[in-house]
Amino acid sequence: EPEVTQTPSHQVTQMGQEVILRCVPISNHLYFYWYRQILGQKVEFLVSFYNNEISEKSEIFDDQFSVERPDGSNFTLKIRSTKLEDSAMYFCASSEGTVTQETQYFGPGTRLLVL
Amino acid sequence: KNEVEQSPQNLTAQEGEFITINCSYSVGISALHWLQQHPGGGIVSLFMLSSGKKKHGRLIATINIQEKHSSLHITASHPRDSAVYICAVVEYGNKLVFGAGTILRVKS
């Protein structure tokens, strides 16, 4: 069965460093998402992406964050200058349709720790 | 902004019991998702619904749009059902607003 993959599974970085989290969505999916979950808290929407551009973003997704689909398979989340409060689990998801049309397929997550 | 409330926060059941998890929201929505988060952290989508009822195996999800309420039922619960069950709503656009989750533990 096709699945969403994410790399790395864990990343430790120093405050102020740039990190890139990578995702490979399911190949025929058209909609891509990033979510984060701070330990012990709710899952939070960060951004949705369709047709090579951002379709929605949350207030969390400020200028420190960016997303890119550099080729036909990868979908990346970049945090330019990490802060302690960026420590969280980051989930990528993809779907064939929008959230009003289809369920989403989630990757296993990248646990980011900022020291 | 939609407030998504789930109840109960924690639920312990005996194997075989019928389980109900509730979700209510404050503002009209276009769709609602039920998700399962495993102890290791992975998230699986269970249902997306905008009206009525859906069934998959031992899981049943219902939604009442007028009452702004949805329920997830698990029949004949099993220890492998132990997980966090999360309700998420679509208020507008292409994004989900998540509830805090219900922690379910099924004892054998």
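The values are calculated or read from the model by the stated rules, or taken from the named source; none is laboratory data. The model shown is predicted, which means the values in this text are computed figures rather than measured ones. Using ideal geometry, Cβ is built from the backbone for each residue, glycine included, and neighbour counts are taken over all protein chains shown. We work out accessible area using only protein heavy atoms, side chains counted, and drop any ligands, DNA or RNA first. Shrake-Rupley method; radii C 1.70, N 1.55, O 1.52, S 1.80 Å.
List of remarks:
- Under 5 Å, built H, 5+ apart or other chain: amide partners of B:SER82: B:VAL106
- Modelled FRET efficiency - R0 41 Å, B:ASN22 with A:LEU30, Cβ distances, 0.05 increments: 0.80
- Burial of accessible area (probe 1.4 Å, heavy atoms of protein chains only) in region A:38-77, relative to its chain alone, reaches at least 50 Å² for A:LYS42, A:VAL43, A:PHE45, A:GLU56.
- Modelled FRET efficiency - R0 35 Å, A:LYS78 with B:ILE103, Cβ distances, 0.05 increments: 0.60
- Peptide B:87-98 is shielded by partner chain Cβ atoms: per residue, an average of 6 of them sit within 10 Å of its Cβ.
- Geometric descriptor of chain B, per residue, is 90 Å³ (volume of the convex hull of the Cα atoms).
- According to the calculation over all Cα-Cα pairs in the protein assembly as shown, the P(r) per 10 Å bin from zero is 8, 33, 35, 19, 4, 0 %.
- Residue pairs exceeding 20 angstrom between C-alpha atoms, taken from A:LYS57/B:LYS68; A:LYS42/B:LYS1; A:LYS57/B:LYS53; A:LYS83/B:LYS1; B:LYS1/B:LYS68; B:LYS1/B:LYS95: A:LYS57/B:LYS68; A:LYS57/B:LYS53; A:LYS83/B:LYS1.
- Two-site label geometry, A:GLU85 and A:LEU39: point separation in nm, points 7 Å out along Cα→Cβ: 1.8
- Peptides B:75-84, A:19-28, A:89-98, A:64-73 ordered by average Cβ neighbours within 10 Å, highest first: A:89-98, A:19-28, B:75-84, A:64-73
- Summarising the label geometry, the points placed 7 Å from Cα in the beta-carbon direction at A:SER66 and B:SER51 lie 4.4 nm from one another.
- Share of carbon and sulfur in the accessible heavy-atom surface of chain A [1.4 Å probe, %]: 46
- For chain B, the carbon plus sulfur part of the accessible surface works out to 50%, probe radius 1.4 Å.
- Loop-located chymotrypsin sites (Phe, Trp or Tyr not before Pro) across region B:1-88 with a Cβ neighbour count of 16 or fewer within 10 Å are B:PHE18, with loop assigned by DSSP.
- Once the 1.4 Å probe is applied to the protein heavy atoms, the protein assembly as shown comes out at 49 Å² accessible per residue.
- Pairwise burial A:B, computed as accessible area of each alone minus the pair, summed, 1.4 Å, Å²: 1800
- Per-residue average of Cβ from other chains inside 10 Å of A:93-102: 5
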